[in-house]
1. Out of all the residues in the range 196-220, which are buried (at least 17 other Cβ atoms within 10 Å of the Cβ) and either within 16 Å of the ligand (Cβ to nearest atom) or without any contact (Cβ under 8 Å) to a residue 40 or more places away in the chain (or both)?
2. Could you look through the range 245-257, keep only residues that are free of Cβ contacts under 8 Å to residues at least 60 places away in the same chain and within 14 Å of the ligand (Cβ to nearest atom), and pick out the one that is farthest from Ala36 (Cα to Cα)?
3. If the requirement is being within 16 Å of the ligand (Cβ to nearest atom), touching a residue at least 40 places away in the same chain (Cβ under 8 Å) and surrounded by 14 or more Cβ atoms within 10 Å (Cβ to Cβ), which of these qualifies: Gly92, Gly99?
4. Listed residues Ala183, Ala188; which is modelled with pLDDT under 95, touching a Phe, Trp or Tyr at 6+ places or on another chain (Cβ under 8 Å) and either surrounded by 22 or more Cβ atoms within 10 Å (Cβ to Cβ) or of a type in the set (Phe, Trp, Tyr) (or both)?
5. Within the range 1-55, track down each residue that is surrounded by fewer than 18 Cβ atoms within 10 Å (Cβ to Cβ) and among the hydrophobic types (A, V, I, L, M, F, W, C).
6. Considering only residues that are within 14 Å of Cys131 (Cβ to Cβ) and outside any strand (DSSP E or B), which ones fall in the range 165-174?
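The values are calculated or read from the model by the stated rules, or taken from the named source; none is laboratory data. Keep in mind that what you see is a predicted model, and the values were worked out from it rather than measured. For neighbour counting, all protein chains shown are included, and Cβ atoms are generated from backbone atoms with ideal geometry for every residue, glycine included.
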Amino acid sequence: MAAGSARVPVIAGNWKMHKTQAETREFFAAFLPLVAGAKHCEIVVAPPFTALAAAVEAARDSAVMIGAQDLYWEPQGAFTGEVSAGMLVESGCRAVIVGHSERREHFGETDDIVARKTRATLDAGLRPIVCVGETLREREEGKMEEVLERQFHGAFGALTAQAFSPILVAYEPVWAIGTGRTATPQLAAEAHGFLRSLAASRFGHEAAARLRILYGGSVKPANIRGLMAMEEIDGALVGGASLEAMSFAELVNYREG
Ligand code: 13P
């Protein structure tokens, strides 16, 4: 992110379905000393549910915020297999990834579900990291803006500007996730600019100027600096490269290289 902007960058790791509790403890033992001096950005790590408590415990005396990768919107009840926002708060989580494209694609999450989950996350005082992004086909058909607009309004259309303010938006073009095919900084910045314009027309210019938009999709130590140099890019949501303490620390420490 360019100097002069007041938006504090966020480097977030989405571990997806990786790491046991033992591996989680091992990761933090190696990772925390490497990022102890990082004051320029917020750091989030989102392990699977079963490793959340281990992660919270391991990160207790650090600035690293622990997040979940999903939640269910009801507070409790007969919803086998689901986890509520209150349960996440109790386990020490402070953020939740909502509407990841893998959840939309493999688990049938609709814009309406994403809206409910976003609301439940906000109501519990957790920070939602809401993912949007087009598929390759949608991009090739020239539908990127249409898709982003539908996802943005689907998730946030019913919120007030105040309710919207803690939200982090992650732009994750589906064609760039796990493929090694990163969006160029220019392409990503263009999409971020479009998302910011949607935020401006729905919630006003101030809210839009404060909104932090993370880029996700094959972010690696080799491409983070180019991405973070763009004024529009306020951070990264990282899959594969967040699994290794060294590479994730390199991403967090992108300013030093
Ligand atoms: P990769 O960094 O592995 O492409 O994953 C991106 C992602 O989906 C983060 O949520």
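1. Across the range 196-220, the qualifying residues are Arg196, Ala208, Arg212, Ile213, Leu214, Tyr215, Gly216, Gly217, Ser218, Val219.
2. If we filter the range 245-257 for residues that are free of Cβ contacts under 8 Å to residues at least 60 places away in the same chain, which is where we start, we get 247, 250, 256-257.
Narrowing the set further to residues that are within 14 Å of the ligand (Cβ to nearest atom) leaves 247, 250.
Details: Ser247: 15, Glu250: 12 Å.
Restricting to residues being free of Cβ contacts under 8 Å to residues at least 60 places away in the same chain and within 14 Å of the ligand (Cβ to nearest atom), the top hit is Ser247.
3. Details: Gly92 fails: within 16 Å of the ligand (Cβ to nearest atom).
Matching residue, one of Gly92, Gly99: Gly99.
4. On the way: Ala188 fails: modelled with pLDDT under 95.
Exactly one residue qualifies, and that residue is Ala183.
5. Restricting attention to the range 1-55, the residues satisfying the condition of being surrounded by fewer than 18 Cβ atoms within 10 Å (Cβ to Cβ) are 2-8, 17-18, 20-23, 25-26, 29-30, 33-34, 36-37, 39-40, 49-50, 53.
Matches in the range 1-55: Ala2, Ala3, Ala6, Val8, Met17, Ala22, Ala29, Ala30, Leu34, Ala36, Phe49, Ala53.
6. Step one: filter the range 165-174 for residues within 14 Å of Cys131 (Cβ to Cβ), giving 167-174.
The answer is Ile167, Glu172, Pro173, Val174.
Residue-by-condition table, conditions (1) closer than 30 Å to Glu244 by Cα; (2) among the small types (Gly, Ala, Ser):
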| site | (1), (2) |
| --- | --- |
| Glu138 | no, no |
| Glu172 | yes, no |
| Trp175 | yes, no |
| Gly216 | yes, yes |
